[in-house]
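The structure under discussion appears below in the form of structure tokens.
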Amino acid sequence: MRSPLSALAALALLAAASLAQPACAAPPSGQLARSFSDAAGGKRSYYVALPADYDAARKYRLVLVLAGTATTGREMHQWFGEGWNPDTPGLERLMADTVFVYPDQRYSWDGDNGWALGPNAAPYDGWHDLRFIDELLTRVESDYSIDTARVFATGHSWGGDMTAVVGCYLGGRLRAIAPVAANRPFWFGSPPSAKDCTGQPAVWTFFGLADDHFGDSSPDGLFGIEQNDFWTKKLACSSDYDSAGETRSYRGCKAAVKLTLYAGGQYSGGGGLRGHQPPDYFLAAVSDWFSSL
């Protein structure tokens, strides 16, 4: 027969174990690496930012933020997620009740990491990154408490390209996308075709009138206009729009379509190619828009 002393000792050990290993531990966040299918590239990494008061009993929006050329997910968390200076708070501060995921690129072209942009984007073509994003969304929706009707994507430069590509080929999984400073829509074929797109996510395209990355090949925001033409046609918009500042909101669309052609000199962060960077108001504008949908 067990002595009263040993029984008390056993209870104490059980109590200590329950304190050391709470039954409802927080799900993983920060820099993560997980195994995906071979078609998605095998082991892939991504950065997750959760609300400070994350509660699995609640449902959260999901925002996917896609990195530009040779940029990591963690760097996008620091830039878009946290904001580029104290006067431009980032997406994570501006959007409560939201889980943010920042995937890492894996593949390289001419020494620069970037995204494989689907079947029509030679020489940057391939399905592997679309498979990765598709599987990543499934994993995140399983690991966290996500409202699957409120999943969004945004990204800058090559990440803006990938945002548009995801909005087409994986559009059935997304409520809205906001590509920023992306290339012309060569990723949809020549001429661009929406025949393989799924779903009808809302789209807000941001592009600089004097983008100094694309230079003379995109005068007066040409690449942004071409992207917008693709979406207004796909979503059956009329040619009419309402204007507010630098932004047009198109009428009669199957889902909301907006175009912002921003003037230079509105980015207060560091670095070069300042005409290629988003205006300071972008973070607040896209946060308000995603939150409203």
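The numbers here are math on the coordinates, done by the rules we state, and not lab data. Quantities reported herein were computed from a predicted structural model and do not represent experimental measurements. Reconstructed Cβ throughout: ideal geometry from the backbone, glycine too, with neighbour counts over all protein chains shown.
Below are the figures for this structure:
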quantity	calculated
Of (i) 40, 20, 19; (ii) 36, 23, 17; (iii) 24, 21, 20, the label for semi-axes √(5λ) of the Cα gyration tensor in Å derived from the coordinates	(i)
Most to least packed among 48-57, 276-285, 213-222 [average Cβ atoms within 10 Å]	276-285, 213-222, 48-57
Segment 246-293-segment 188-238 distance, computed between alpha-carbon centres (Å)	14 Å
Gain on full stretching of the segment that runs from TYR281 to ASP212 - 0.36 nm per residue minus C-alpha separation	22.9 nm
Estimated distance in nm for a label pair at TYR107 and GLU75, the labels positioned 7 Å out from Cα along Cα-to-Cβ	2.0 nm
The chain - mean residue ellipticity at 222 nm from DSSP helices (-39,500 (n - 2.57) per run, n ≥ 4, rounded to 500)	-8000 deg cm²/dmol
Residue order, fewest to most beta carbons within 10 Å, for THR72, THR98	THR72, THR98
Considering only the chain, percent of DSSP beta bridges that pair antiparallel, nearest 5	50 percent
Trypsin sites (Lys or Arg not before Pro), loop per DSSP, at most 16 other Cβ atoms within 10 Å - longest free stretch of the chain	60-194
Lysine pair count for the chain [Cα-Cα under 29 Å; pairs on different chains or 8 or more apart]	11
Residues in segment 206-225 that a label on ALA244 would reach, taking backbone N under 19 Å of a point 7 Å out along Cα→Cβ	206-207
Per-residue Cβ neighbour rank within 10 angstrom, fewest leading, TYR47, TYR241	TYR241, TYR47
Within the chain: Cβ-based charge dipole about Cα centre, in debye rounded to nearest 20 (Lys, Arg +1; Asp, Glu -1)	1000 debye
